[in-house]
1. Quick check, is B:A27 assigned to a helix (DSSP H, G or I), within 13 Å of chain A (Cβ to nearest Cβ) and of a type in the set (G, A, S)?
2. Can you tell me which residues in the stretch A:46-101 are over 14 Å from the mean Cα position of the chain (by Cα), of a type in the set (G, A, S) and within 13 Å of chain B (Cβ to nearest Cβ)?
3. If the requirement is being away from every other protein chain (no Cβ under 14 Å), more than 30 Å from A:I57 (Cα to Cα) and at pLDDT below 85, which of these qualifies: B:A209, B:A131?
4. Applying the selection to the stretch B:30-46, what residues are away from chain A (no Cβ under 14 Å) and buried (at least 21 other Cβ atoms within 10 Å of the Cβ)?
5. Could you check A:F92 against (1) in contact with a Ser or Thr (Cβ under 9 Å, 6 or more places away or on another chain); (2) part of a helix (DSSP H, G or I); (3) modelled with pLDDT of 95 or more and say which number it fails?
6. Kindly indicate which of A:T20, A:T66, A:T38 is open to solvent by less than 10 Å² (accessible area, probe 1.4 Å) and modelled with pLDDT under 85.
7. Report whether or not B:W146 is away from every other protein chain (no Cβ under 13 Å) and more than 14 Å from the chain's Cα centre (by Cα).
8. Restrict the check to the stretch B:1-19 and report whether at least one residue is modelled with pLDDT of 90 or more, among the hydrophobic types (A, V, I, L, M, F, W, C), surrounded by 13 or more Cβ atoms within 10 Å (Cβ to Cβ) and over 17 Å from B:A158 (Cα atoms).
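The values are calculated or read from the model by the stated rules, or taken from the named source; none is laboratory data. Every value quoted in this text rests on a predicted model; they were computed, and no experiment measured them. Because the Cβ atoms are built from the backbone with ideal geometry, glycine has one as well, and the counts that use them run over all protein chains shown. Each accessible area value is taken on the protein alone, full model and side chains, heavy atoms only, with ligands, DNA and RNA left out. Shrake-Rupley method; radii C 1.70, N 1.55, O 1.52, S 1.80 Å.
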Amino acid sequence: MLRRHFLFCLSALLALAAGTAATFAEDRSIVVASTTSTQDSGLFGHILPIFKDKTGIEVKVVALGTGQALDLARRGDADVVFVHAKAQEEKFLEEGHGVKRFDVMYNDFVLIGPKSDPAGVAGTSDIVAALKAIQEKQAPFVSRGDRSGTHVAELKLWKDAGIDIDAAKGPWYRDIGQGMGAALNTAGAMNAYVLSDRGTWLSFKNRGDLEVVVEGDKRLFNQYGVMLVSPDKHPNVKVDLGQAFIDWLISPEGQQTIANYKVDGQQLFFPNASQGS
Amino acid sequence: MPEGLDAWQLIVSGDATLFAIVRLSLAVSLSAVLIATITGLPLGAALALTRFPGRTGLIVILNGFMGLPPVVVGLAVYLLLSRSGPLGFLGILFTPLAMVVAQALLVLPIIAALARQTIEDLWREYRDELAAMDVGAAGRVATLLWDSRISLLTVLLAGFGRAAAEVGTVMIVGGNIDGFTRTMTTAIALETSKGDLPLAMGLGIVLIALILLINAGVWGLRVWSERRVGA
């Protein structure tokens, strides 16, 4: 009697496992290695259902920092990369891991800081002067520290400011090694400054005392690009489906869909597709 | 997940996305526990009942592996299943199957180590009886497993708790893909990073409630079966 109940429980478990196995079935899908900013800002949630309705292709997004996303593709674990650090993308192409790079869209970085503004930088549009002031006042600054596109951009801005951040960093400079959202959460908790892409900032909900302190500098330009992973290097890449996604992103329809994405009435990404490089 | 909703609204409105995530979490963790049980119980029983050189060392290693860091297991499984790894040809990275494999590896030492202890304790009690009954090794294992089934149920719960609560392996080998490999724990991590702390906390409470519910169910089963045995 008891044994029968035990067997019943066991078979119920097995049935559940079989149910999971059914969801493993292959379908028309691609893996896109992308950045936390495109996911956390909600852009993919807006454009992917529209793309799927049109083509039936399911896009599976693995959201990482740009550096990690490119590494993932280098190991052949993605079909398409959609990231924002042009120098790193070009290196990826030179190594033969990517087929061709297309500009897709841009937005900009903004310097976020506490309303109390301990470095006194609010309102300026000179990001380099602002970073110099933060370093001089040793005001708390949160760095992504994760080789993401935003981290790379931040390091370049320190360089533009003539500051060797490796030498200048101290307790005021907090390198957290996490995504954009986590960096904003940390900055909020520490009353620190942090560089963010505008998209993630606009859709971020736990703002607390944080606000945009510096924006509008042309050095804060943030370009996104898309590449098909090279099928020569990685034979498992789904070339047709991946290329279909890229073609759609840079088509007038895809570009319009990106432009249509708004949070609180504000456009997050500005399409500027190129014919490839 | 829809914007501006709290977890409670998601539950009462029967949100399809939330239920898909809950279903995936349960399916992955239960499958992992099932696999770890099928392999871990015999392993634990064999270790309990046999004597060979190096056995003590093996037991210490097994006990130590109960504390395997999920993120390390996730990384190891990722490197195995990556297209440039030895098992890359399977093409199962970033699928629920990869998550089951990783969680099974995480849970296996817990089930094997605790089962070994349980069975060995019981065996000390039963040794003479079993010897007198003159049953073979397989018969002995079957008898001991059957007689310790109620304690072993708790062992399985410990394994399930570990699997359902961890985020390290499923994030790395599953990729937290929306609608495909997003589980309760990775969804909580994502909502936290989006700064939607109320939704993240709400999902956390849903997860804890689920784990409690499953434990309560097993407890009920245990009370019920003890009564039967007692009768």
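1. Criteria met by B:A27.
2. If the condition is that a residue be over 14 Å from the mean Cα position of the chain (by Cα), of a type in the set (G, A, S) and within 13 Å of chain B (Cβ to nearest Cβ), then A:A73, A:G76, A:A78 are the ones that fit.
3. B:A131 is the lone residue from the list that is away from every other protein chain (no Cβ under 14 Å), more than 30 Å from A:I57 (Cα to Cα) and at pLDDT below 85.
4. The answer is B:G40, B:G44, B:A45.
5. The single condition A:F92 does not satisfy is (1).
6. A:T20
7. No: the conditions fail for B:W146.
8. no
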